[in-house]
Amino acid sequence: MSEENKSVVARWFKEFWGNPWNPRVVNELATADIVVHYPMHEPKRGRAEVLKFITEFREAFPDLNFWGVGELIAEGDYVVGRWEGGGTHTGPALSDFRLGSIPAASGRKMKFAGTTVLRVQQGRIAEELGQEDALTAMLQLGLIRLPEHDGPATRPDGALPAGWNNMQESTETAR
């Protein structure tokens, strides 16, 4: 069963989160009462809400693309996957983020990573619960700002300065 569930999740990742995306995948692979929840967004329940969410997200970020990193891990009904991705906000305003809205065509780019646990029920996605690097995405989109101080701040493109997200550098500095 685990290998079959991994195949379902791999298709979901590719067709729901990938680019190009397949809007039909929601009806084909999601249970009627699917729950999709990531901390940056309010939880979405049911196929209609999930389809509305991804459609609006993709209208705001037409180049939106996420892809798996590493192997999927499956145990029983659960499949865990790591991913990376992002996109450029060139579409309409988007107010789906918990921390605020971004105006139309802000031109801001976001690139971040996360881990998702999906529950597969009779060959369909019943739950998608993820944890993403929301801080990085929100900084890049300008929805939050670093406090003013004498140290580094975000660049005009929203990216963190060199070395701010580099665990190896901070580990070597601490030695």
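Values quoted throughout were computed directly from the atomic coordinates according to the rules given, and no laboratory measurement underlies them. If you're wondering where the values come from, they're calculated on a predicted model, not measured in any experiment. Please note: Cβ atoms are built from the backbone with ideal geometry, for glycine as well, and neighbour counts cover all protein chains shown.
Results, tabulated for the structure shown:
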item	result
Cβ-Cβ FRET estimate between S2 and E28, R0 fixed at 25 Å, reported to 0.05	0.75
Fewest-first ranking of S7, S101, using other Cβ atoms within 10 Å as the exposure measure	S101, S7
Neighbour-count ranking [beta-carbon atoms within 10 angstrom, fewest first] of T116, T31	T31, T116
Where only C-alpha atoms are counted, convex hull volume of region 1-93 per residue in Å³	101
Neighbour-count ranking [beta-carbon atoms within 10 angstrom, fewest first] of S95, S106	S95, S106
